[in-house]
Amino acid sequence: MTGKKEKASEKREKRLQEISLLRTIPYSDHQRWWSEETIAVVTGANRGIGFEIAKQLAGHGLTVILTSRDTSVGIEAAKVLQEGGFNVDVHQLDILHEESISEFTKWIKEKYDGVDILVNNAGVNYNLVSGNSMEYAKQMIETNYFGTKNMIKAMIPLMRPSAAGARIVNVSSRLGKLNGRRSRIEDEALREKLSNLETLSEEQIDNMVSTFLQQVEADTWQSGGWPQKFTDYAVSKLAVNLYSMLMAKQLSERPEGEKIYINCYCPGWVRTAMTSWSGNVSAEHAADTGVWLALLPNEAVTGKLFAERRELKV
Ligand code: NDP
């Protein structure tokens, strides 16, 4: 290992230890704004980080709706948690399909009459550990960005008013930072435009991803100044991060008692199927910041990107 890598790894280990300690501190009664009546929906929760988030939220005493695009796989995953004594329900949900989203929305409205927490975890990265093929760029953008966005739009009307505020947590990535050191859009003017929250619009974000996909289609994306590493994945997560900032601004206009807080986090490089189990943190650890954000006691934190419980600049 080079000196720099060694230092980074030492720093990460230290933070992992700190977080492990933080996790042993129980929430006090006045911090616990939730109960078993609190409903948390987790997408892509049949495995990996999503499963862990579902497990940890249920462990804190909430009712968790574990969703999975494959019904039988979801039922199996939920059974593991139910047998462990957790309060977990299960439903099919494919975020790529509008009918699936609307069927799920109808079911949750009828059965639970609303939602308090939405964790958008479902996502794909077809390039696994290395490589930068654009073969599945469209599907990636459709799932990671449009699927997440469609879930947010479908769930907001169901989010229940509360003093603590409803919560949306998006499992995103630091690769989707506008000003990342190693992976960022080269066009400074575009970066500046996208970083101006006063003027940022959904149309601008959609235009960015569609320009990218047009260049992929024409095979000109290599000279388009897009992030160099995991390009399609980075663009999809950048869109998620920007959309979350935009939504945070819009949602902050809601009256007290009806607030919805929305944040993103990067779980690190995690040992799951997505990385062919080659990551350097466990799914259990990777779930931590998402669960922490979902449960933040009485703090109006919104429109931010976090990693390991610390804020990063988008
Ligand atoms: P996994 O591949 O283990 O899990 C991904 C989950 O998303 C699976 O449950 C998968 O379902 C589900 N999913 C994929 N497409 C859809 C869809 N259309 N509708 C519903 N569910 C879908 O990966 P991870 O647990 O590692 O990833 C979870 C999240 O964390 C993703 O958003 C990912 O981008 C993000 N992330 C992961 C990192 C890592 O190092 N692993 C790093 C940074 C971010 P199925 O089992 O049916 O395929």
Query raised in the report: Can you pull the percent of Cα pairs in the chain with separation above 27 Å?
Result: 40 percent
Report task. Give me the distance between the Cα centres of segment 186-228 and segment 73-100, rounded to whole Å. Result -> 35 Å
Requested in this report: Place the peptides 53-62, 179-188 in order of packing, highest mean first, counting for every residue the other Cβ atoms within 10 Å and averaging per peptide.
Outcome: 53-62, 179-188
Query - Loop GluC sites (Glu not before Pro), segment 1-81, which have at most 13 other Cβ atoms in a 10 Å radius of their Cβ (DSSP) - result: E36, E37
Query raised in the report: Amide H to amide H under 5 Å from T272: which residues, 5+ apart in sequence or cross-chain, H placed 1.01 Å off N in plane?
Result: W277, S278, G279
Report task. Quick one: accessible surface of R254, probe radius 1.4 Å, all protein chains present, in square angstrom to the nearest 10. Result -> 70 Å²
Report task. Could you please report the charge total around A77, scoring K, R as +1 and D, E as -1 over all other residues with beta-carbon less than 14 angstrom from its beta-carbon? Result -> -1
**Report entry** segment 1-106 shape via C-alpha gyration tensor axes, a/c threshold 1.5
**Finding:** oblate
Query raised in the report: Measuring from label point to label point, each 7 Å out along Cα→Cβ, what is the A273 to T71 span in nm?
Result: 1.9 nm
Report summary line: Given backbone amide H placed at 1.01 Å from N, residues whose amide H is under 5 Å from that of V314, ignoring those fewer than 5 places away on the same chain, are L305
Report summary line: Subtracting the Cα-Cα distance of Q82 and A218 from 0.36 nm times their residue separation yields 44.1 nm
Report task. Just the Kirkwood number for segment 266-314, please: inverse of mean 1/r across all distinct Cα pairs, in Å, one decimal. Result -> 11.7 Å
Query raised in the report: In terms of Cα to Cα distance under 15 Å, which aspartates and glutamates are near enough to K11, apart from those fewer than 8 places away along the same chain?
Result: E308
Requested in this report: Could you list which residues have their amide H under 5 Å from that of V115, counting only those 5 or more apart in sequence or on another chain, with H placed in the peptide plane?
Outcome: M159, R160
**Report entry** Heavy-atom SASA rank of E83, E192, E284 (probe 1.4 Å, accessible area, largest first)
**Finding:** E83, E192, E284
**Report entry** Rounded, prolate or oblate (a/c below 1.5 giving rounded, otherwise prolate when a/b exceeds b/c) for segment 161-314 by Cα gyration tensor
**Finding:** oblate
Report task. Treating cross-link reach as a plain straight distance, find the aspartates and glutamates whose alpha-carbon is under 13 Å from the alpha-carbon of K153, omitting any fewer than eight places away in the same chain. Result -> E98, E202
Query raised in the report: How many nm is it between the label spots at K11 and E103, if each spot is 7 Å from the Cα in line with the beta carbon?
Result: 4.7 nm
Query raised in the report: To the nearest 10 Å², what's M140's accessible area with a 1.4 Å probe?
Result: 0 Å²
Report summary line: So for segment 127-188, using the alpha carbon gyration tensor with a ≥ b ≥ c as root eigenvalues (a/c under 1.5 gives rounded; past that, a/b versus b/c decides prolate or oblate), I'd call it prolate
**Report entry** Stretch gain in nm, segment S35-N196, where the contour uses 0.36 nm per residue and the Cα spacing is subtracted
**Finding:** 54.1 nm
Report task. Count charges around E217 for me, please; just the other residues with Cβ under 15 Å from its Cβ, Lys/Arg as +1, Asp/Glu as -1. Result -> -3
Report task. Report, in order of residue number, the helices in the chain meeting two criteria: a C-alpha extent of 27 Å or more along the helix axis, and a mean Kyte-Doolittle hydropathy of at least -1.0; treat each whole DSSP H run as one helix. Result -> 231-251
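The values are calculated or read from the model by the stated rules, or taken from the named source; none is laboratory data. Owing to the predicted nature of the structure, the values given are computational and were not obtained by experimental measurement. Quick reminder, even Gly has a Cβ in these numbers, built from the backbone with ideal geometry, and neighbours come from all protein chains shown. Keep in mind that these areas ignore ligands, DNA and RNA; they rest on the heavy atoms of the full protein, side chains included. Shrake-Rupley method; radii C 1.70, N 1.55, O 1.52, S 1.80 Å.
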